[in-house]
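All remarks here apply to the structure that follows.
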Amino acid sequence: MRRLAKLLLLPCLVVLLMGADNQEARYQNLGGKIMCSCGCAQMLLKCNHVGCPNSDRMIRELRANVQSTGNDEEVLNWFRRKWGVTAVVEPSTHGFELVAWILPVAALGVGLLLVILLVRNWKLRTASVAAADVNLDPELEALRARAHRETEI
């Protein structure tokens with residue numbers, strides 16, 4: 001009978017421990033996305049500011065939110081509402097904060113397009129200058145030859 005109870009208890013313990021590990025992993029992951037609001041410029045779980053007025057309270061709130069809420073985005077939104085948008089390091093993927101995701105990629109694309117157009121323009125200009133060199137006036141060609149001789153270039 002005891003052996004059967006142990007065999008039934010073992011899977012229950014494994015499932016409970018897996019859930020605790022999952023919550024701990026969520027807690028660590030979310031703690032890495034939240035900034036301490038004391039001004040130390042460190043992540044919440046790594047704040048080593050002695051006498052920090054906010055980190056203990058924020059860590060308790062994070063732990064409570066992780067246990068009560070199943071969605072990470074809800075926890076981050078709660079911190080945005082309570083501590084301000086700058087408390088969460090990673091911007092949201094909707095609304096005005098979506099610009100923070102799109103703008104770097106768009107700026108890189110526009111910059112790359114400008115570089116391509118500039119290089120293309122240089123190549124076209126070089127080709128037109130080379131074509132113009134072929135049709136020089138004979139007097140100018142004589143002056144150019146004289147300049148080359150005198151400067152030894």
*Assess whether residue 91 counts as being modelled with pLDDT of 90 or more and within 30 Å of residue 33 (Cα to Cα).*
no
_Filter result for residue 64 (closer than 11 Å to residue 34 by Cβ and either in contact with an Asp or Glu (Cβ under 6 Å, 6 or more places away or on another chain) or of a type in the set (Gly, Ala, Ser) (or both))_ = no
*Does the stretch 131-142 contain any residue that is in contact (Cβ under 8 Å) with a residue 40 or more places away in the chain and either surrounded by 10 or more Cβ atoms within 10 Å (Cβ to Cβ) or in a helix (DSSP H, G or I) (or both)?*
no
*asked:* Just to check your reading of the model, which residue among 47, 52, 36 is in the same structural domain as residue 81 (by TED's automatic domain parsing), buried (at least 17 other Cβ atoms within 10 Å of the Cβ) and either more than 15 Å from residue 89 (Cβ to Cβ) or among the aromatic types (Phe, Trp, Tyr) (or both)?
replied: 52
*For residue 19, state whether it is modelled with pLDDT under 65, of a type outside the set (A, V, I, L, M) and under 30 Å from residue 81 (Cα atoms).*
yes
*Can residue 81 be described as in a helix (DSSP H, G or I) and either among the hydrophobic types (A, V, I, L, M, F, W, C) or without any contact (Cβ under 8 Å) to a residue 24 or more places away in the chain (or both)?*
yes
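The values are calculated or read from the model by the stated rules, or taken from the named source; none is laboratory data. Just so you know, these numbers come straight off a predicted model, no measurement behind them. Neighbour counts run over all protein chains shown; Cβ positions are idealised from the backbone, glycine included.
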